[in-house]
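Here the structure is laid out as structure tokens; the discussion comes afterwards.
The values are calculated or read from the model by the stated rules, or taken from the named source; none is laboratory data. It should be emphasised that the depicted structure is a prediction, and the values quoted were computed from it without experimental measurement. Cβ coordinates were reconstructed from backbone atoms using ideal geometry, including for glycine residues, and neighbour counts include every protein chain displayed.
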């Protein structure tokens with residue numbers, strides 16, 4: 001596959017993966033203080049966000065391809081590509097270890113178990129962590145492209 005297309009895909013899909021993560025991070029300061037009923041109403045806004053999953057998969061694939069196409073003459077593009085890939089992969093680790101269990105324990109925020117506030121913190125801060133990882137991945141994909 002042409003390098004320009006791979007580089008475009010890596011930047012494009014890392015950028016698209018950043019959008020929902022950044023939205024979550026920007027909402028955190030306001031949502032973290034909401035009362036239980038308000039918080040559960042706000043969480044209804046995320047129904048259907050699982051449709052973002054293909055974007056993350058494409059970000060993983062395109063950054064892996066970027067690693068594969070990195071030249072040996074200059075190590076910077078390869079290092080940046082690896083950083084982009086690892087950060088996108090790490091967002092999945094964060095999701096499956098922290099976010100998904102909170103979703104499951106609350107039945108996708110339709111039920112409030114006694115420890116719902118702990119789950120809220122875990123859910124909110126896991127998304128903030130993913131946002132940081134997505135920012136780094138996006139920047140690394142751009143740098144990998146510029147340096148190649």
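Values for this structure:
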{"read-out": "Number of the exception - residue 81 against (1) closer than 14 Å to residue 138 by Cα; (2) free of Cβ contacts under 8 Å to residues at least 40 places away in the same chain; (3) surrounded by 14 or more Cβ atoms within 10 Å (Cβ to Cβ)", "value": "(2)"}
{"read-out": "Condition broken by residue 62, with the remaining ones in (1) touching a helix residue (DSSP H, G or I) at 6+ places or on another chain (Cβ under 8 Å); (2) surrounded by 16 or more Cβ atoms within 10 Å (Cβ to Cβ); (3) farther than 16 Å from residue 142 by Cβ satisfied", "value": "(3)"}
{"read-out": "Set 111, 107, 92: member being within 23 Å of residue 20 (Cα to Cα) and in a loop (DSSP other than H, G, I, E, B)", "value": "107"}
{"read-out": "Test for residue 34: is it at pLDDT 95 or above, surrounded by fewer than 19 Cβ atoms within 10 Å (Cβ to Cβ) and in a loop (DSSP other than H, G, I, E, B)", "value": "yes"}
{"read-out": "Condition met for residue 70 (more than 23 Å from residue 143 (Cβ to Cβ) and surrounded by 14 or more Cβ atoms within 10 Å (Cβ to Cβ))", "value": "no"}
{"read-out": "Subset of segment 106-115 (residues that are over 28 Å from residue 60 (Cα atoms), in contact with a helix residue (DSSP H, G or I) (Cβ under 9 Å, 6 or more places away or on another chain) and surrounded by fewer than 18 Cβ atoms within 10 Å (Cβ to Cβ))", "value": "110, 111, 112, 113, 115"}
{"read-out": "Test for residue 14: is it more than 17 Å from residue 128 (Cβ to Cβ) and touching a residue at least 12 places away in the same chain (Cβ under 8 Å)", "value": "yes"}
{"read-out": "Subset of segment 117-148 (residues that are surrounded by fewer than 21 Cβ atoms within 10 Å (Cβ to Cβ), closer than 15 Å to residue 69 by Cβ and touching a residue at least 60 places away in the same chain (Cβ under 8 Å))", "value": "143, 145, 147, 148"}
{"read-out": "Leading residue by the ranking (surrounded by the most Cβ atoms within 10 Å (Cβ to Cβ)) among those in segment 37-48 that are part of a helix (DSSP H, G or I) and free of Cβ contacts under 8 Å to residues at least 40 places away in the same chain", "value": "42"}
{"read-out": "Output for segment 49-76, where each listed residue is assigned to a helix (DSSP H, G or I) and over 30 Å from residue 24 (Cβ atoms)", "value": "68, 69, 75, 76"}
